[in-house]
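Since the structure comes first, as structure tokens, the remarks are kept for the end.
The values are calculated or read from the model by the stated rules, or taken from the named source; none is laboratory data. Nothing here was measured: the structure is a model prediction, and the numbers come from that model. Cβ atoms come from the backbone with ideal geometry, glycine included; neighbour counts cover every protein chain shown. Note: areas computed on protein heavy atoms with side chains; ligands, DNA, RNA excluded. Shrake-Rupley method; radii C 1.70, N 1.55, O 1.52, S 1.80 Å.
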Amino acid sequence: AVKRGGRGGWRIHDPGASDPAADRLRLLEQLRHGIADGQLRLHHQPRVDLASGRTTGVEALVRWQHPERGLLPPAEFIEVAEESGLVRELGAWVLEAAVAQAAAWNASGRSLEVSVNVSARQLADPDLSSTVATALARHGVPASQLVLEITETALMLDPVAAATTLRRLADLGTRIAVDDFGTGYASLTYLRRFPVHELKVDKSFVDGVARDSGDRAIVATCLQLAHALGLTSVAEGVETREQRDALAELGCHVVQGYLFGRPVPAELLAP
Ligand code: C2E
Ligand code: MG
Ligand code: MG
Ligand code: MG
């Protein structure tokens, strides 16, 4: 087959070489099958209260146990799922699994908040709040134990629909977090328009908080904003003690990162 080359020229298509569009389609079909076949896994990363040093919650992060390629991180499949709409099925599985895990911890006498990532497509789904309510009711988990993480970008895609959905979720009693805060192109007015309970300062700013005065100023400003609005402040991607100390000095409430623990299956979560 002859294909149009990168710089406007022509090249011979090698049938053995990969075709990105066909690869994506194949991945999508495998994922559709994999979800139905029970190949998704949840890993949990501790969220630590900085003042007490206690693990008060976890973030649930999806992985895919691919039959040939092994355990895949979300970077390998979330985008394909989001573009195709399959992320709704994936998201429903994640919610169900995360709430079931919260119930199992409750039953063992350990109460942990569980944070779940919600994509733009899920947020646009008018059934999201009933999916959440059903999962919570089925497992007898209080809504206040569930945090839904949403990026600024997802919020701004359809702000009117997002406001309605978030209002319903907040009325249920779930908490709403703005994920990767500071990296989207959103106006801050959304913090007034949407019911938001938590700001998660993005790792890209946390990286330099102990050595770069610019990053430190950005983190300080995000934390001040969170605190002035009465929101919980969270820093993600904390890898060093220097970063932790800087965040403590700036009054950050909750920290999450490899320094405190990597995402692991529930049975491997440190007590
Ligand atoms: P996120 O929600 O911002 O999650 C944080 C990511 O940073 C996770 O990557 C986590 O493993 C990683 N991380 C945490 N601490 C550190 C650290 O100290 N250093 C470094 N280098 N990385 C750290 P992961 O699990 O690969 O997830 C990537 C993204 O995929 C997530 O970013 C989230 O946007 C998305 N995602 C994960 N699970 C789900 C899900 O169930 N549904 C949806 N829609 N998206 C998900
Ligand atoms: Mg997140
Ligand atoms: Mg994040
Ligand atoms: Mg992030």
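Once neighbouring chains are kept in place and the probe is 1.4 Å, which whole percent of the accessible area of the chain is contributed by carbon and sulfur?
Numbers: 7060 of 13440 Å².
C and S atoms contribute 53 percent here.
Taking every pair of distinct Cα atoms and averaging 1/r, then inverting, what Kirkwood hydrodynamic radius in Å comes out for the stretch 167-241?
That comes to 13.0 Å for the stretch 167-241.
Hey, what number do you get for the chain at 222 nm if only DSSP H runs of n ≥ 4 count, each worth -39500 (n - 2.57), divided across all residues, to the nearest 500? Walk me through the intermediate numbers first.
Values: 11 runs with 114 residues, N = 271.
Calculated mean residue ellipticity at 222 nm is -12500 deg cm²/dmol.
Rank Arg88, Arg192, Arg24 by mean-square fluctuation in a GNM of the chain with C-alpha springs under 10 angstrom and give only the top-ranked residue.
Residue with maximal mean-square fluctuation among Arg88, Arg192, Arg24: Arg192.
Give the whole-number value, in cubic angstrom per residue, of the convex hull volume spanned by the C-alpha atoms of the stretch 72-121. Please list the in-between numbers first.
Working: hull volume 3.8 nm³, N = 50.
Looking at the stretch 72-121, the number lands at 77 Å³ per residue.
Taking each pair of different alpha-carbon atoms in the stretch 22-94 once, compute 1/r for the pair, average those values, and report the inverse of that mean as the Kirkwood hydrodynamic radius in Å to one decimal.
Working: mean 1/r = 0.0748 Å⁻¹.
Evaluated on the stretch 22-94, it is 13.4 Å.
Evaluate the relative contact order of the chain (contact order divided by residue number), counting alpha-carbon pairs under 8 angstrom at least 6 apart; express in whole percent. Please report the intermediate quantities before stating the final value.
On the way: 442 pairs, mean separation 45.7, N = 271.
Value for the chain: 17 percent.
Can you check what the net charge comes to around Phe260, using other residues whose Cβ is under 14 Å from the Cβ of Phe260 (Lys, Arg +1; Asp, Glu -1)? List each step's numbers first, then the result.
Values: positive: Arg47, Arg54, Lys203, Arg241, Arg244, Arg262; negative: Asp49, Glu59, Glu236, Glu239, Asp245.
Its environment carries a net charge of +1.
Counting Lys and Arg as +1 and Asp and Glu as -1, each charge on the Cβ, what is the dipole of the chain about the Cα centre in debye, to the nearest 20? List each step's numbers first, then the result.
Values: 28 positive and 34 negative charges, 28 e Å.
Dipole magnitude for the chain comes out near 140 debye.
With contacts defined as alpha carbon pairs under 8 Å and 6 or more residues apart, what's the relative contact order of the stretch 36-94 in percent?
Working: 62 pairs, mean separation 14.7, N = 59.
Relative contact order here is 25 percent.
Given 20 °C and 1.002 mPa s, compute D for the stretch 59-209 with the Stokes-Einstein relation, Rh being the Kirkwood radius over Cα pairs; round to the nearest whole µm²/s.
Calculated translational D: 133 µm²/s.
How long are the semi-axes of the equivalent ellipsoid of the stretch 216-271, taking √(5λ) for every eigenvalue λ of the Cα gyration tensor, in whole Å from largest down?
On the way: eigenvalues 116, 36, 12 Å².
Each semi-axis is √(5λ); the values are 24, 13, 8 Å.
Compute the label zone of Thr183 within the stretch 77-97: residues whose backbone N is under 19 Å from the point 7 Å along Cα-to-Cβ.
Those under the cut-off are 77-83.
For q = 0.08, 0.14 Å⁻¹, what log10 I(q)/I(0) does the chain give under the Debye formula with an equal point scatterer on each alpha carbon and no solvent?
For the chain, the Cα-only Debye profile gives -0.37, -1.03.
Accessible area per residue of the stretch 118-271 at 1.4 Å probe, in Å²? Intermediate results must be reported in sequence, preceding the final value.
Numbers: 7110 Å² over 154 residues.
With the other protein chains kept in place, the stretch 118-271 gives 46 Å² per residue.
Tabulate in residue order the Karplus-calculated ³J(HN,Hα) for the stretch 46-62, using 6.51 cos²θ - 1.76 cosθ + 1.60 with θ = phi - 60°, rounded to whole Hz; enter x for Gly and Pro.
Going residue by residue, I get x, 10, 10, 6, 5, 5, 9, x, 8, 7, 9, x, 9, 9, 8, 10, 7 Hz, with x marking Gly and Pro.
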